[in-house]
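These notes concern the structure reproduced below.
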Amino acid sequence: MSKFKYLIDGIVKNNPTFVLVLGMCPTLATTTSAINGMGMGLATMAVLLCSNIVISLLAPIIPNKVRIPCYIVVIAAFVTVVQLVMQAFTPALYETLGIFIPLIVVNCIVLGRAEAFANKHGIIDSALDGIGTGIGFTIALTCIGLVREVLGNLSAFDHKFSSSDGMLVFVLAPGAFIVLGYLMVLFNKLKAHK
Amino acid sequence: MEYLIIIITAVFVNNVVLSQFLGICPFLGVSKKISTAFGMSLALILVMGLATLVTYLIQNYVLVNTWFGREINITFMQTIVFILVIAALVQMVEIILKKINPTLYQALGIFLPLITTNCAVLGAALIVVTKEFSFGGEPHMMNLAESVVYSMSLAIGFGIAIILFAGMREQLELSNVPKSLRGTPIALITAGLLALAFMGFQGIV
């Protein structure tokens, strides 16, 4: 049961986007459509899972003073792996996400979980935490992407349901800030009701 | 003339925070007071200029070069190499500044460690070595001087955006905001309106 808690915590109680407000750059930049947001979320989840596992194994042998640079190297290595895999198998998504794939390295969520969780817990707990936080991030990004796509382009998951044009501003930069702001309000309200 | 176009493009049209979404964390995190926002942007201008200078040289003379008679192209190592170099550079700037100019260190010191995880620094370093820019002429890869000017201008754009935003947030503190909008949500919506204003610069270059 306690193992299950690690998984759920990352999704609701410690949701990285709506509650902790971490990793804002990819959250705002890559959510122009639901598919893009989901792609970014899954890429981050893969890095988070692998780095959490490796860091939980390495934590006992890394000297405390140089731990942050060590974590960054581990994370950067997995980001490079994800980057090359995406370039090979999903070239279209790789092109759209562009610079934000290498920038997963400086995503505070990944380093934050390594520092706050993986270096104090065992391999299985860390893996579960990585998956939970990753799912929380993916759900948040998909929701934001979906709202922006529906309002801005009148389509959902690339299926257009109306031939007229949407409100373009929601796909552009200002829409990202505004949609995230209001979704955060909604999340706070729902949490307060529970 | 070309440099003027680069500066205007980087500061206003491709504003690093409001149109490229780099460096949102410090933009939301240290924008509660104008004075801290100002210190952060000064530190960022210094670090982004230096970081781009070093990573540009690494990209063109280490990752792509002829070593021992063999041509190598290991640009897939970009991410790892750049982040390590930037982290080391920031640490070094901190140590040097502490020694030679303690007053400046007092002013910028607390912001320097935060900058390593500012994605604007790594983002700018990656953009200048991977993207082609036209700036009114033929599309081309930027040379060293252009790259450094571009990324320092991006940092100036960050400074303008964060100082404007800090001014707005100081005012917001005094106004009566609905309970569930308080804190980050209202800040994000304000930033959205600011981004809308900056969209007006699109098309001037």
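The values are calculated or read from the model by the stated rules, or taken from the named source; none is laboratory data. In this text, all values refer to a predicted model and were calculated from it rather than measured experimentally. Neighbour counts are summed over all protein chains in view; Cβ atoms, including those assigned to glycine, are modelled from backbone coordinates with ideal geometry. The accessibility values were calculated without ligands, DNA or RNA, using every heavy atom of the protein model including side chains. Shrake-Rupley method; radii C 1.70, N 1.55, O 1.52, S 1.80 Å.
Is it the case that some residue within region A:36-43 is farther than 18 Å from A:ILE139 by Cβ, out of contact with any strand residue (DSSP E or B) (no Cβ under 7 Å at 6 or more places or on another chain) and surrounded by 16 or more Cβ atoms within 10 Å (Cβ to Cβ)?
So far as region A:36-43 goes, no, none of its residues is farther than 18 Å from A:ILE139 by Cβ, out of contact with any strand residue (DSSP E or B) (no Cβ under 7 Å at 6 or more places or on another chain) and surrounded by 16 or more Cβ atoms within 10 Å (Cβ to Cβ).
Specify the residue that is most open to solvent (accessible area, probe 1.4 Å); the eligible residues are those in region A:82-100 that are more than 17 Å from the chain's Cα centre (by Cα) and of a type in the set (A, V, I, L, M, F, W, C).
Among residues in region A:82-100 that are more than 17 Å from the chain's Cα centre (by Cα) and of a type in the set (A, V, I, L, M, F, W, C), the one most open to solvent (accessible area, probe 1.4 Å) is A:PHE89.
Pull up region A:164-194, narrow it to residues that are out of contact with any strand residue (DSSP E or B) (no Cβ under 9 Å at 6 or more places or on another chain) and outside any helix (DSSP H, G or I), then point me to the one that is farthest from the other protein chains (Cβ to nearest Cβ).
Keep residues of region A:164-194 that are out of contact with any strand residue (DSSP E or B) (no Cβ under 9 Å at 6 or more places or on another chain), which gives A:164-165, A:167-194.
In the following step, the residues that additionally are outside any helix (DSSP H, G or I) were identified as A:164-165, A:167, A:171-172, A:194.
Details: A:SER164: 22, A:ASP165: 17, A:MET167: 12, A:VAL171: 12, A:LEU172: 7, A:LYS194: 14 Å.
It comes out as A:SER164.
Which count do you get for residues in region B:79-90 that are more than 7 Å from chain A (Cβ to nearest Cβ) and open to solvent by less than 50 Å² (accessible area, probe 1.4 Å)?
6
Would you point out which residue out of B:ALA166, B:ALA195 is facing chain A (nearest Cβ under 10 Å), open to solvent by less than 50 Å² (accessible area, probe 1.4 Å) and within 23 Å of A:PHE18 (Cα to Cα)? Please lay out each step first, then the result.
Values: B:ALA166 fails: facing chain A (nearest Cβ under 10 Å).
Being facing chain A (nearest Cβ under 10 Å), open to solvent by less than 50 Å² (accessible area, probe 1.4 Å) and within 23 Å of A:PHE18 (Cα to Cα) holds for just one of B:ALA166, B:ALA195, which is B:ALA195.
Hey, could you check region A:82-104 for residues that are of a type outside the set (A, V, I, L, M, F, W, C), touching a Ser or Thr at 6+ places or on another chain (Cβ under 9 Å) and within 12 Å of chain B (Cβ to nearest Cβ) and say which is nearest to B:ILE80 (Cα to Cα)? Let's see the steps before the verdict.
First, the residues of region A:82-104 that are of a type outside the set (A, V, I, L, M, F, W, C): A:83, A:87, A:90-91, A:94-96, A:98, A:102.
Next, from what is left, pick out any that are touching a Ser or Thr at 6+ places or on another chain (Cβ under 9 Å): A:83, A:96, A:98, A:102.
If we keep only those that are within 12 Å of chain B (Cβ to nearest Cβ) too, we end up with A:83, A:98, A:102.
Working: A:GLN83: 12, A:GLY98: 17, A:PRO102: 9 Å.
It comes out as A:PRO102.
If you scan region B:1-41, which residues turn out to be among the aromatic types (Phe, Trp, Tyr) and under 18 Å from B:LEU172 (Cβ atoms)? Break it down into steps so the answer makes sense when it comes.
As a first pass, look at region B:1-41 and keep what is among the aromatic types (Phe, Trp, Tyr): B:3, B:12, B:21, B:27, B:38.
Within region B:1-41, just B:PHE27 meets the criteria.
Looking for something surrounded by fewer than 19 Cβ atoms within 10 Å (Cβ to Cβ), farther than 20 Å from B:SER41 by Cβ and within 14 Å of chain A (Cβ to nearest Cβ) - is there at least one such residue anywhere in region B:92-109?
Yes: one or more hits.
For residues that are among the hydroxyl-bearing types (Ser, Thr, Tyr) and open to solvent by 20 Å² or more (accessible area, probe 1.4 Å), tally how many sit in region B:22-35.
Initially, region B:22-35 is screened for residues among the hydroxyl-bearing types (Ser, Thr, Tyr), giving B:31, B:35.
In the following step, the residues that additionally are open to solvent by 20 Å² or more (accessible area, probe 1.4 Å) were identified as B:35.
Result for region B:22-35: 1.
Do you know which residues across region B:13-38 are away from chain A (no Cβ under 13 Å) and either assigned to a helix (DSSP H, G or I) or not hydrophobic (A, V, I, L, M, F, W, C) (or both)?
Passing the criteria: B:LYS32, B:LYS33, B:ILE34, B:SER35, B:THR36, B:ALA37, B:PHE38.
Look at B:PHE38 and say whether it is over 19 Å from A:CYS25 (Cβ atoms) and open to solvent by 10 Å² or more (accessible area, probe 1.4 Å).
On the way: over 19 Å from A:CYS25 (Cβ atoms): yes; open to solvent by 10 Å² or more (accessible area, probe 1.4 Å): yes.
Criteria met by B:PHE38.
If we keep just the residues of region A:101-128 that are among the charged types (D, E, K, R) and under 25 Å from B:THR116 (Cα atoms), which is surrounded by the fewest Cβ atoms within 10 Å (Cβ to Cβ)?
Filtering region A:101-128 for residues that are among the charged types (D, E, K, R) and under 25 Å from B:THR116 (Cα atoms), the one surrounded by the fewest Cβ atoms within 10 Å (Cβ to Cβ) comes out as A:LYS120.
Out of the residues in region A:156-172 that are within 23 Å of the chain's Cα centre (by Cα) and either touching a residue at least 60 places away in the same chain (Cβ under 8 Å) or loosely packed, with under 13 Cβ neighbours inside 10 Å (or both), which is farthest from B:ILE186 (Cα to Cα)?
A:ASP158
Residues of region A:5-39 being over 20 Å from A:ILE178 (Cα atoms) and touching a residue at least 60 places away in the same chain (Cβ under 8 Å), which ones? Even if it seems obvious, please write down each step before you answer.
The first filter runs over region A:5-39 and keeps only residues over 20 Å from A:ILE178 (Cα atoms), leaving A:5-14, A:39.
A:TYR6, A:LEU7, A:ILE8, A:ASP9, A:GLY10, A:ILE11, A:VAL12, A:ASN14, listed by residue number.
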